[in-house]
Amino acid sequence: MKPALLETACTLYSQEAKTNPFNTWLIVENEDVRHRAFELIKTPVLQTRITTIKTLAHTILKEQNAGIRIIPPEEQYLLFSALAKKIFDKKSAETKTITENLIDLYITLTLNCAECPADTDKGQKAAELFSTYRAWCRENNAVDAISALAYAVPLAEQMQADTVICFCLNSTTKLAEKLLAAFTKNPIT
């Protein structure tokens with residue numbers, strides 16, 4: 001079944017949520033669509049059940065592992081900057097652009113479930129940085145906004161989601177697809 005319009009998806013969500021609000025989900029592409037869905041439904045039973053994939057991961061983590069902390073982008077930037085100064089040449093790692101490029105590479109690799117190519121000196125250092133960063137996150141029971149998707153996958157398998165309506169998911173990544181597949185076996189798209 002393919003809801004042609006957001007109105008159709010919202011109507012379907014509202015009907016299903018009346019009888020099973022905790023296990024009925026509407027997954028949308030971005031925050032703008034999410035806000036439009038709120039306007040159409042007017043009185044959502046549970047706002048956390050109308051969500052984006054990224055927020056779905058955060059909801060799963062908070063519901064299944066209350067002690068985990070999702071670190072904000074500013075903290076992630078500071079961590080990457082400090083680790084880069086230790087692993088790379090101090091002078092080359094001090095620029096804002098290098099830190100931002102490393103974060104962008106980390107996000108791209110994480111979303112595409114890929115490993116850092118370590119066939120060059122810079123690649124080896126970047127792989128070491130990512131490994132050290134992940135170790136820090138594990139030790140501190142923390143995840144960044146993107147890694148939250150990966151951490152949520154095994155937890156999503158344990159959750160009961162009876163009705164999952166996926167509306168207009170045009171740009172899903174491998175990691176997002178993994179999370180959705182773990183979360184529900186039969187989504188209505």
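The values are calculated or read from the model by the stated rules, or taken from the named source; none is laboratory data. Predicted model only: the values in this text are computed from it and were never measured. Here Cβ is always computed from backbone atoms with ideal geometry, including for glycine, and neighbour counts include all displayed protein chains. For the accessible areas, the whole protein counts, side chains as well, though only heavy atoms, and no ligand, DNA or RNA atoms are used. Shrake-Rupley method; radii C 1.70, N 1.55, O 1.52, S 1.80 Å.
Laid out as a table, the results:
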quantity: Accessible area of the chain belonging to carbon and sulfur atoms, whole % at 1.4 Å probe; calculated: 53
quantity: Ellipticity estimate at 222 nm from DSSP helix runs (n ≥ 4, -39,500 (n - 2.57)) divided over the chain, nearest 500; calculated: -18500 deg cm²/dmol
quantity: Estimated dipole of the range 67-189 in Debye, rounded to 20 [Cβ of Lys and Arg +1, of Asp and Glu -1, Cα centre]; calculated: 160
quantity: Which of PHE22, PHE88, PHE130 is most accessible, then next, and so on - probe 1.4 Å; calculated: PHE22, PHE88, PHE130
quantity: 0 to 90° range, to nearest 10: angle between helix 53-64 axis and the chain longest Cα axis; calculated: 90
quantity: Diffusion constant of the range 87-171 at 10 °C, which comes from Stokes-Einstein with the Kirkwood Cα-pair radius and 1.306 mPa s, µm²/s; calculated: 105
quantity: For the range 46-132: relative contact order, % (alpha-carbon pairs under 8 angstrom, 6 or more apart); calculated: 20
quantity: Solvent exposure of the chain as accessible area per residue, Å², 1.4 Å probe; calculated: 55
quantity: Estimated FRET transfer efficiency when R0 is 41 angstrom, pair LEU46-GLU100 (beta carbons, to 0.05); calculated: 0.70
quantity: Long-range HN-HN contacts of ASP144 with modeled amide H, under 5 Å; calculated: ILE71
quantity: ³J(HN,Hα) computed for each position of the range 171-183 - Karplus, 6.51 cos²θ - 1.76 cosθ + 1.60, integer Hz, glycine/proline x; calculated: 10, 6, 9, 4, 5, 5, 5, 4, 5, 5, 5, 6, 6
quantity: The range 1-84, relative contact order [Cα under 8 Å, separation at least 6], %; calculated: 24
quantity: Potential lengthening between ARG134 and ALA114 on full extension [0.36 nm per residue; Cα-Cα distance subtracted]; calculated: 5.7 nm
quantity: Alpha-carbon Debye profile of the range 36-76, log10 I(q)/I(0) at 0.17, 0.28, 0.29, 0.31 Å⁻¹; calculated: -0.59, -0.97, -0.99, -1.04
quantity: Most positive-pole-ward Cα, LEU40, ILE70, ALA84, against dipole of the chain from beta carbon charges; calculated: ILE70
quantity: Ordering of 114-123, 30-39 by burial proxy (mean other Cβ atoms within 10 Å per residue, highest first); calculated: 30-39, 114-123
quantity: Spherically averaged projected area in nm², based on the convex hull that wraps the Cα atoms of the range 32-167; calculated: 9.9
quantity: Average Cα contact separation per residue, the chain, under 8 Å, 6 or more apart, as relative contact order %; calculated: 30
